[in-house]
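The values are calculated or read from the model by the stated rules, or taken from the named source; none is laboratory data. Quantities reported herein were computed from a predicted structural model and do not represent experimental measurements. FYI the Cβ positions are ideal-geometry reconstructions off the backbone, even for glycines, and counts take in every protein chain you see. Calculation scope for accessible area: heavy atoms of the full protein, side chains included, ligands and nucleic acids excluded. Shrake-Rupley method; radii C 1.70, N 1.55, O 1.52, S 1.80 Å.
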Amino acid sequence: PRSLKPLTEGGPKRWPEILKSSMNLGKNDGPFAVDTFVLPERNPWNAQMRLTGFDFFPDQKRMGVCSWDGDVWIVSGLDKPEAGLTWQRIASGLFQPLGLKFRDGEMFVCCRDQIVKLNDLNGDGEIDFA
């Protein structure tokens, strides 16, 4: 008999590439300052970067973002913008995710067809099960 255990422990990384971009800090000379993130428009998957939702990790140094075409990314380096940002794709294939929220240390994405909790079963930084 076959065991289901290998199917419940997560698999190897699918997107090991880490992309880099810059951040343009806005002037802090008035009531508002607008910082602009440069999106990694050129990427190995030709993924369109039409961002639809985001939320900050509890540490405030990273954020999760989702895109209209079904990808979820982790953006790191928010605490040191002069060093640039890194983008790691952690999930793909969701149906038009329009919102992302951290709740009690877990990441949830609101898609057109469902609300999903993203699970990293093996701790490698990528989502294994939604």
Open item on the list: With the structure loaded, tell me whether Leu100 is touching a residue at least 40 places away in the same chain (Cβ under 8 Å) and under 30 Å from Lys5 (Cα atoms) or whether it fails that test.
Closed with: yes
- [ ] For region 56-77, enumerate the residues that are open to solvent by 30 Å² or more (accessible area, probe 1.4 Å) and either of a type outside the set (Phe, Trp, Tyr) or free of Cβ contacts under 8 Å to residues at least 24 places away in the same chain (or both).
- [x] Pro58, Asp59, Gln60, Lys61, Arg62, Asp69, Ser76
TODO: Would you be able to say whether some residue in region 9-18 is assigned to a loop (DSSP other than H, G, I, E, B), without any contact (Cβ under 8 Å) to a residue 12 or more places away in the chain and under 12 Å from Gln88 (Cβ atoms)?
DONE: yes
Task: Criterion (within 15 Å of Phe129 (Cα to Cα) and of a type in the set (D, E, K, R)) met by exactly one of Arg62, Arg103, Arg14, Arg112 - done: Arg14
Open item on the list: Six or more apart or on different chains, Cβ atoms under 6 Å: show the pairs whose first residue is in region 19-34 and in a loop (DSSP other than H, G, I, E, B) and whose second is open to solvent by 40 Å² or more (accessible area, probe 1.4 Å) and modelled with pLDDT of 85 or more.
Closed with: Ser22/Val38; Leu25/Asp35; Gly26/Val34; Gly26/Asp35
- [ ] Test Leu19 against the criterion of being open to solvent by 60 Å² or more (accessible area, probe 1.4 Å), under 14 Å from the mean Cα position of the chain (by Cα), of a type outside the set (Ser, Thr, Tyr) and at pLDDT 95 or above, and give yes or no.
- [x] no
Task: The one condition in (1) under 24 Å from Val116 (Cα atoms); (2) part of a strand (DSSP E or B); (3) not β-branched (Val, Ile, Thr) that Gly70 fails to fulfil - done: (2)
Task: Members of region 99-113 that are at negative phi and either modelled with pLDDT under 95 or more than 14 Å from the chain's Cα centre (by Cα) (or both) - done: Arg103, Glu106, Cys111, Arg112, Asp113
